[in-house]
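The values are calculated or read from the model by the stated rules, or taken from the named source; none is laboratory data. These figures come from a predicted structure and were not determined experimentally. Quick reminder, even Gly has a Cβ in these numbers, built from the backbone with ideal geometry, and neighbours come from all protein chains shown.
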Amino acid sequence: MSFIAIEDSGTRGLCGNVRAARQRELGDGHEDFFYFFRNVGISGKKSGRGSFGLGKAVYAASSRIRAFFALTRRADDGSDLLMGQCAIGIHQIGDKQFDAYGYFGKFGARDDPNFALPLEDQEIIQEFQRSFGIQRVEPGTSLVIPWPVEDFDGDIADELAASALWNYVYPLVAGSLEIKIEAPGGSYAIAKATIDDVIDRMNWIGRDALREKIVRLVAGSRRALSGSEPVRLMREDNLRARWDEVAFPQGASADDCRRTLDQSGAMALEVPVRVRPTAGEAVDSSFRVYLYKERSGDPNLFAFIREGLLVSDQRGPSGSGYTGLIVVDDEPLANLLRDAENPAHLKWHWNAERLKSNYIGGADRVKLVASAPAELLRRLLGSTAEVDVDLLADLFPDPDAAGTTSVTGGPGKKGRASRPTIELPPSQPRPLRLAQIDRGFTISRVPDVATPADILHVDVAYDCFGANPFKAYEPYDFDLADKTISCEIEHGQILERSGNSLRVRVDGEEFRLRVTGFEANRDVVVKHRWVQGSEGR
């Protein structure tokens, strides 16, 4: 039969009490065996890449008979143990109902005749190793997945290699991880010294864009691991975590760092963060950001890496010309971000339940890390950017006619010596006035000007480089439903507030909406439109 074998090295194997059936029977040490075989949806890990206890479910799901075997050599007692599991859901044959999980093992050692213990018989274990080509000689765990699903049919060596390179490029470049792939269509040994050779040998037909990204991340990881110490930013001595409380140190100002980035094409920064567990004292932690200049036409590529794992769905700012690595390997902050991830560890969610339960101000820490590339690019590049706001003024004399306005100050204008006078028809007065206030904005009625409807829809976003700010909005920027954002209304009613949108009812000419609580050093852009008919209900 066909099968997949997965073997690790440099680990301790599935240690702990093999006879424990419930958590209360566990000891104080490592209980890997219990959490791997006995519990579903629960992890015994206090740190590391995984934490949901769901990773092992992938092994059964990869088998057409929903089964897998595990042979483990344990570092604590040196023993070899073999056990198997099948997960097919609660099912019925005739009048008899069966449990969701079936086991391969030794039965009858406890009062429950269906309770399985691992096999220790060396003759059976050696036959298992010969049958599946297992080469276990040191502590660790070897897995066998029989009859894999059709996705694994054919030549998959290149697909597995591409996935390994993309998801684990940083530890592979660092030399802390090596991956060997053997399949009917080929074999690869991916390590620090062989990455370039592997990339050159692989078949990239149909995956050219992925290859380009991997090559850029390999180069960026090498520069990060071999470069000089990052510039450590300063944080105000308080318990919060906001970008308006982070500053560049003396002797390494934003302008100094910008010049370094311009001249060398690289900049490394360390951002301090204070982590506040709900149980225990606050502890100082940090993360690093590496920025590299690319060709001007190359789209931005930002990789968020927690403890060597690429959080692949976490996005940086759009635009072009930069590659960035956001590296989190300091344990207190890494553990916080792990609690903010979904079970597949693809993205950070600032409103994750485990984050709320385990940390005070956890959402602010997630937002601080997730917005780091956009914030640092703004600080490094914004001070020197020149925007000619009058460039198309002759053709578009009223750029705000659509109701989109920047309510905080931007770069200075680049003036003109003269401009021809054009006779234009008088513009229609607008019924609303938009104004900037400290960390927010107001929208108010203009007296004696009629409104086209009673319902007003308002969208808000942070301005950003090279992208539509409203399309680039992410929940970690802010949430208007959050208590940290204040929405006060006079002579009107707030009908809905969520994400970056508000819907309000306007009652009378004294209507006024006041929204505050945004980051002090971010440019806020506001767009509004009147809602009529059934859409306004």
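Working only within region 320-346, note down all residues that are closer than 30 Å to Leu381 by Cα and surrounded by fewer than 18 Cβ atoms within 10 Å (Cβ to Cβ). Result: Ser320, Gly321, Asp329, Leu346.
For (1) surrounded by 11 or more Cβ atoms within 10 Å (Cβ to Cβ); (2) assigned by TED's automatic domain parsing to the domain that holds Phe69; (3) touching a strand residue (DSSP E or B) at 6+ places or on another chain (Cβ under 8 Å), each residue gets a yes or a no:
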position: Ile93; (1), (2), (3): no, yes, no
position: Phe98; (1), (2), (3): yes, yes, yes
position: Tyr103; (1), (2), (3): yes, yes, yes
position: Gly108; (1), (2), (3): yes, yes, no
position: Pro113; (1), (2), (3): no, yes, yes
position: Glu120; (1), (2), (3): yes, yes, yes
position: Phe132; (1), (2), (3): yes, yes, yes
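If the condition is being within 14 Å of the chain's Cα centre (by Cα) and charged (D, E, K, R), then region 330-352 contributes Arg338, Asp339, Glu341, Lys347.
Would region 320-333 turn up any residue that is among the aliphatic types (A, V, I, L, M) and free of Cβ contacts under 8 Å to residues at least 40 places away in the same chain? No; the residues of region 320-333 include none that is among the aliphatic types (A, V, I, L, M) and free of Cβ contacts under 8 Å to residues at least 40 places away in the same chain.
Looking at Asp200, Asp237, just one residue is more than 30 Å from Arg522 (Cα to Cα) and of a type outside the set (Lys, Arg), and that residue is Asp200. Within the bounds of region 523-536, is there any residue that is at pLDDT 90 or above and closer than 18 Å to Arg242 by Cβ? Yes.
On the stretch given as region 214-226, residues that are surrounded by 14 or more Cβ atoms within 10 Å (Cβ to Cβ), within 28 Å of Arg379 (Cβ to Cβ) and out of contact with any Leu (no Cβ under 6 Å at 6 or more places or on another chain) total 7.
State yes or no: is Leu333 modelled with pLDDT under 90 and touching a Ser or Thr at 6+ places or on another chain (Cβ under 8 Å)? Quick ask: steps written out before the conclusion?
Values: modelled with pLDDT under 90: no; touching a Ser or Thr at 6+ places or on another chain (Cβ under 8 Å): yes.
When the stated conditions are applied, Leu333 does not pass them.
Confirm whether Ser228 is in a loop (DSSP other than H, G, I, E, B), over 21 Å from Leu336 (Cβ atoms) and out of contact with any Ser or Thr (no Cβ under 7 Å at 6 or more places or on another chain). Considered against the rule, which asks whether it is in a loop (DSSP other than H, G, I, E, B), over 21 Å from Leu336 (Cβ atoms) and out of contact with any Ser or Thr (no Cβ under 7 Å at 6 or more places or on another chain), Ser228 comes out as yes.
When the residues of region 284-315 are narrowed to those that are part of a loop (DSSP other than H, G, I, E, B) and over 9 Å from the mean Cα position of the chain (by Cα), which ends up nearest to Tyr473 (Cα to Cα)?
Residues of region 284-315 part of a loop (DSSP other than H, G, I, E, B): 294-298, 300, 307-308, 311-315.
Subsequent filtering for residues that are over 9 Å from the mean Cα position of the chain (by Cα) retains 294-298, 300, 307-308.
Details: Glu294: 24, Arg295: 26, Ser296: 24, Gly297: 23, Asp298: 22, Asn300: 17, Glu307: 26, Gly308: 27 Å.
Taking the candidates together, the pick is Asn300.
In region 10-44, the qualifying residues are those that are part of a loop (DSSP other than H, G, I, E, B), surrounded by 15 or more Cβ atoms within 10 Å (Cβ to Cβ) and of a type in the set (D, E, K, R), and the one that is modelled with the highest pLDDT is Arg12.
I'd like the residue in region 235-258 that is touching a residue at least 24 places away in the same chain (Cβ under 8 Å) and part of a strand (DSSP E or B) and, out of all such residues, is farthest from Glu281 (Cα to Cα). Result: Val246.
Listed by position, the helices (runs of 4 or more DSSP H) enclosed by region 85-194 that each have at least 3 residues that are within 36 Å of the chain's Cα centre (by Cα) and of a type in the set (A, V, I, L, M) are 157-167, 169-174. Here Ala109 meets each of (1) farther than 28 Å from Val328 by Cβ; (2) touching a Leu at 6+ places or on another chain (Cβ under 7 Å); (3) at pLDDT 95 or above with one exception, condition (3). Of everything listed in (1) more than 30 Å from Lys367 (Cβ to Cβ); (2) touching a strand residue (DSSP E or B) at 6+ places or on another chain (Cβ under 8 Å); (3) of a type in the set (A, V, I, L, M, F, W, C), the single unmet condition for Trp166 is (1).
Give region 78-120 a look and list any residue that's in contact (Cβ under 8 Å) with a residue 12 or more places away in the chain and charged (D, E, K, R), or say none. Asp80, Asp99, Lys106, Arg110, Asp112, Glu120 - these are the residues of region 78-120 that are in contact (Cβ under 8 Å) with a residue 12 or more places away in the chain and charged (D, E, K, R). Filtering region 1-21 to residues that are of a type outside the set (Gly, Ala, Ser) and touching a residue at least 60 places away in the same chain (Cβ under 8 Å) leaves Met1, Phe3, Ile4, Ile6, Glu7, Asp8, Thr11, Arg12, Leu14, Cys15, Val18, Arg19. Here Thr442, Thr405 are screened, and the one residue that is within 25 Å of Val504 (Cβ to Cβ) and at pLDDT 85 or above is Thr442.
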